[in-house]
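What follows is a single structure, written as structure tokens, with notes after it.
The values are calculated or read from the model by the stated rules, or taken from the named source; none is laboratory data. On a predicted model such as this, the values are computed, not experimentally measured, just so you know. For neighbour counting, all protein chains shown are included, and Cβ atoms are generated from backbone atoms with ideal geometry for every residue, glycine included.
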Number of protein chains: 2
Amino acid sequence: MRSTSASPAPDAADTRTALLQAAAAEFAEAGYHDATIRAICRRAGTNVAAVHYHFGDKPQLYLEVLRHLVAEANRRLPFDMGLGPEAAPETRLRAFVRSVLGRLLEPGPHAWLGRLVARELTEPTPCLEVMVREHIQPLADQVRSIIVAFLGPDRDEQTLGFCGLSIVSQCFFYFHCRAVVSRLLPHLPQGPAAVEPLTEHITRFSLAALKELARRPVGTAARRAPVPAGRTRSRRRGPRPAVAAPDFPHRS
Amino acid sequence: MRSTSASPAPDAADTRTALLQAAAAEFAEAGYHDATIRAICRRAGTNVAAVHYHFGDKPQLYLEVLRHLVAEANRRLPFDMGLGPEAAPETRLRAFVRSVLGRLLEPGPHAWLGRLVARELTEPTPCLEVMVREHIQPLADQVRSIIVAFLGPDRDEQTLGFCGLSIVSQCFFYFHCRAVVSRLLPHLPQGPAAVEPLTEHITRFSLAALKELARRPVGTAARRAPVPAGRTRSRRRGPRPAVAAPDFPHRS
DNA sequence: GCATGTTTCAAACAAACGTTTGACACGTCA
DNA sequence: TGACGTGTCAAACGTTTGTTTGAAACATGC
């Protein structure tokens, strides 16, 4: 029946949405694996059995949270921040970087989906397929389109793919490895305060690289700096300690 | 006594090293959290109680594995691949990238430590402090030294830090997000086959960026492309939720 | 009023985990 | 020989997890 009125006495629909909300927060903070159904229900003020009544089991609850957040995010702010393909490539690049960083670092519910996506990248859940299809693929397409705007449409797929990884990786690394980064580089701005300076840096860094790659097609890069004694490329120097050699006192 | 022969009758030292070996493999494959003591002992051919007899508990076993692998790795191949600070910056950069990628993507026990470090970056364990102090800090110093070689010693710490993140992030992203990358960009080389082309790309990409940043000091970058309707830069619309609000949960 | 379907709850269930226990086998030294 | 420390083992412990149960509370339709 699902009465649509927000009545003072919580009805069925309220319990469901309360669970969705609580689950989104808990999954975003703790990750799929570490988020427990009991913690979610405590936050939602319901019984643990409510999850299985409304959603079936934990994976289905997670899937429902994902669909909910993806729909809401796409309705609100797309990755191109409203810029079409006709905008200047540099502007589109900056908007993309700013959008991804905001979705990861800004406080509150706005960043729930971004953090879920970030976790899905490094520790996939059973819902990875859905996540890729409905959210990550559009993101990848957007990056590709921006890079094509810089390098032209005739570049090989490998170059386009690698350049996309280079840009996206810079955006995600600061969030993925925040625990170590904050220890190693404590003077850098932390959390939401990092969004603007990081946007600036990643844009400049990637811009310079893309312009250079656009100037020189693959294969015509500046000749490599002379390497002393043929190091670095075929990096085998002198006698290797052994051949396979795990170097554990070998058993078996 | 410590008989060095792989004797048919395993003695005490053999059990200990067997556990270390099995634990290293298991931790590298499954991660600290998902690796179970039972699986480690099954692989080592011992009883579950052996872990607590020889190492105390699971964190101490993990710590012992880390120390062992770090010592072995530092003995074998340092991050600078034998290149000193006098080598050409471009050569040092390529050697560093190649070294990190090799430690992540190459098959077999050689990559055990690299994968443990990579996991520690995204999902820290109780041993994070030790890991940072004994292994990650030297890595960061090496990156910083290379960047200083490009940008000069007078750059601000923020620029040096950001540039280091940009380079390291590109190296780790391909491994951290391999599940998604292989789905999204199936035409890219996978696993060990990616080491050489990725080294080439990341080096070129970062090289171009560093040279550009060396050419133009901070603040004198090419003026920004005009942004339509003032989006992207100050996209704050309506009231901010709050001011202080870090809400950047690290969680244990 | 009564039967029916929906929703919630406390309580228990089964599995997996890290950890501990107590007994047994073995080598060493008095 | 007998006591002692070392190393190993099967078995169990206590906790936490996702999941299920069976009985209430509630609204709805005849």
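Pairs only if they're at least six apart or on different chains, beta carbon under 7 angstrom, first in region A:41-62 and touching a residue at least 12 places away in the same chain (Cβ under 8 Å) and away from chain B (no Cβ under 14 Å), second of a type in the set (Phe, Trp, Tyr) and within 13 Å of DNA strand C (Cβ to nearest atom); list them, first residue then second. Taking only residues 6 or more apart or on different chains, the pairs are A:Leu61/A:Phe55.
Determine whether region A:33-46 contains at least one residue that is more than 16 Å from DNA strand C (Cβ to nearest atom) and more than 18 Å from A:Glu134 (Cα to Cα). Checking region A:33-46: at least one residue is more than 16 Å from DNA strand C (Cβ to nearest atom) and more than 18 Å from A:Glu134 (Cα to Cα). Summed over region A:91-111, the residues that are free of Cβ contacts under 8 Å to residues at least 12 places away in the same chain, at negative phi and among the small types (Gly, Ala, Ser) give a count of 0.
Conditions tested, residue by residue: (1) modelled with pLDDT of 95 or more; (2) over 30 Å from B:Ala208 (Cβ atoms); (3) small (Gly, Ala, Ser); (4) not assigned by TED's automatic domain parsing to the domain that holds B:Pro197.
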{"site": "B:Thr36", "(1), (2), (3), (4)": "yes, yes, no, yes"}
{"site": "B:Gly84", "(1), (2), (3), (4)": "no, no, yes, no"}
{"site": "B:Leu93", "(1), (2), (3), (4)": "yes, no, no, no"}
{"site": "B:Ser99", "(1), (2), (3), (4)": "no, no, yes, no"}
{"site": "B:Glu106", "(1), (2), (3), (4)": "no, no, no, no"}
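It is to be established whether one or more residues within region A:98-106 are under 11 Å from the mean Cα position of the chain (by Cα) and acidic (Asp, Glu). Within region A:98-106, not a single residue is under 11 Å from the mean Cα position of the chain (by Cα) and acidic (Asp, Glu).
Of the residues in region B:69-91, at least one is more than 9 Å from every other protein chain (Cβ to nearest Cβ) and within 13 Å of B:Ala24 (Cα to Cα).
Just one of the numbered conditions (1) within 16 Å of DNA strand D (Cβ to nearest atom); (2) out of contact with any Leu (no Cβ under 7 Å at 6 or more places or on another chain); (3) under 21 Å from B:Val117 (Cβ atoms) is not true of B:Phe55: (2). Restricting region B:1-29 to residues that are modelled with pLDDT of 95 or more and within 11 Å of DNA strand C (Cβ to nearest atom) leaves a set whose member that is farthest from B:Cys127 (Cα to Cα) is B:Glu26.
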